[in-house]
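One structure is given below, encoded as structure tokens.
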Amino acid sequence: MNDLATYNFAYLDEQTKRMIRRAILKAIAIPGYQVPFASREMPMPYGWGTGGVQVTASILGPDDVLKVIDQGADDTTNAVSIRAFFQKVANVAVTTKTVEATIIQTRHRIPEEPLKEGQTLVYQVPIPEPLRFLEPRETETRKMHALEEYGLMHVKLYEDISRNGHIATTYAYPVKVEGRYVMDPSPTPKFDNPKMHMSEALQLFGAGREKRIYAVPPFTEVVSLDFEDHPFEIQTFEKPCALCGAENVYLDEVVLDDRGGRMFVCSDTDHCEDRRAHGHAGSMLASTQHQRKEPAE
Amino acid sequence: MSAVPLLKVRDVSKFYGSRIGCRNVSFELYPGEVLAVVGESGSGKTTLLSCLSTRLMPSSGMIEYHMRDGQYRDLAHMGEAARRFLMRTDWGFVHQNPADGLRMTVSAGANVGERLMAVGDRHYGNIRASASDWLRRVEIGEDRIDDQPRAFSGGMRQRLQIARNLVTSPRLVFMDEPTGGLDVSVQARLLDLVRGLVHDLGLAAIIVTHDLAVARLLSHRMMVMKDGAVIEQGLTDRVLDDPREPYTQLLVSSILQV
């Protein structure tokens, strides 16, 4: 008897999947609207992607190819364990290559490689309510969404500018979906906001602890909120990726030693590896390989 | 004053179960007119104000408001979205406790600017300029624009609340004991300020107060309430100088003479 026999396909029972699929369909029908759903206990703590895992489990089929990323990387704890989880409970094919995946579950990044029609991006969302820290009452925020009262969202941006001289929100940057609902894009860097706009892929958002699902269907308008005299801007980096030389990608800072040595590398590991495989090299590529060899010698 | 009333109130009653909040209140309010509602605690003043400002649904009666498009609309039959829009554009509500009417954790500038942003203003420079202008008009130093109201004194908070309400140039402002809890010298300056603003902007206002001195200073007309009903109304000076009802006489004679 193998391990699979003890689980239903993709862990959740069929009734639960059905309930979640209904929520997903409703979410797709009303882009940006937070649909409540009966979130289940998952074999992982809240905050580790219970919402994203439930959404993925509900849409996953035997023919799907799954990719899981955490902060852009395929090899971090969260990504590795969720990928292993679905290999075990669904026996599904997995990949680290963005182009090969049909479903990509992500925490805090959108892949650099533009997504294609037929792909689905599943976000893990900690706090789905963009108005939460401005108005703590859920009864009131739901009313504000219903009546499209979004002045408060700009109060937050106003405060940013008055304190820092510019909009200092760098992640979870609020967006307006299809001219109607204001939505939290989950804690992705604002660098990724433009990728959501008119994306060919379906984007699903699952918040397990908060019991909400929302969606951005393919080819949907997603506009980052801003002021006329302080327009929305994405982060820029002074240097290209130190390993693959990519420009106009989101970089992570990696501390190399305790003497102030550091490098900036692609946060999207698949993108970086792919570029290196195609012969691109950054300024520190050789030196890091050299350093890695040293202990073995 | 215009010949068309801004607000028409007919037989408004509010019952809390078998208890009476207010009973058969009728009046009309004209543009630019300040009406004071006075009476002791529990006389139904605040209930009436809540009914008028759509915070409470009256049990019976009708309240009609003269919209900017010239039509009278029954407030009870307006949708919630339209009512809330009215609340933050054409109306203002000054609470007794400024903490109820302000956002204590965002700066003074954002407090004043919130209504502008709510009606679609998306230019930071313009919003900040109006906020700064309004702070000056309510005598708050422009260097305090980035401070939170938590750092303000009671009188400053109340002035900030007034600025926040007036920034969208409302036509009707409700005030619930606007000077309650302030010491007399601060009260005097606040009253001076409110009187100036009401006069300059041509605001209509309904002020609920138990302080007859406030009513005399600010209002043109006055209603005296007791046990939920209006027992006497008329020009403020007439009511205070020549009270007809025994209860009003008692009220007027209870004013402390210093």
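Highlighted here are the strands (runs of 3 or more DSSP E) found entirely within the stretch A:55-129 that include at least 2 residues which are of a type in the set (S, T, N, Q): A:103-107, A:120-124. Candidates are the residues of the stretch B:37-93 that are among the acidic types (D, E) and in contact (Cβ under 8 Å) with a residue 40 or more places away in the chain; the one that is nearest to the other protein chains (Cβ to nearest Cβ) is B:D90. When restricted to residues that are facing chain B (nearest Cβ under 10 Å) and aromatic (F, W, Y), the stretch A:151-180 contains 1. Is the stretch A:173-184 home to any residue that is open to solvent by less than 20 Å² (accessible area, probe 1.4 Å), in contact with a Gly (Cβ under 6 Å, 6 or more places away or on another chain) and assigned by TED's automatic domain parsing to the domain that holds A:P126? The answer is yes; a qualifying residue exists. Within the stretch A:119-139, the set of residues being away from every other protein chain (no Cβ under 11 Å), open to solvent by less than 40 Å² (accessible area, probe 1.4 Å) and under 27 Å from B:D147 (Cβ atoms) comprises A:P130, A:L131.
Find the helices (runs of 4 or more DSSP H) located wholly in the stretch B:62-140 whose residues include 1 or more that are surrounded by 19 or more Cβ atoms within 10 Å (Cβ to Cβ) and among the small types (G, A, S), and list them.
B:98-101, B:108-118, B:124-137
As a summary of the residue check, B:A163 satisfies the conditions (1) facing chain A (nearest Cβ under 10 Å); (2) closer than 30 Å to B:E64 by Cα except for the one numbered (1).
The values are calculated or read from the model by the stated rules, or taken from the named source; none is laboratory data. All figures in this text were calculated on a predicted structure; none of them were measured in a lab. With ideal geometry, Cβ positions are generated from the backbone for all residues, glycine too; neighbour counts draw on all protein chains shown. These area figures cover heavy atoms from the full protein model, side chains too; ligands, DNA and RNA do not enter into them. Shrake-Rupley method; radii C 1.70, N 1.55, O 1.52, S 1.80 Å.
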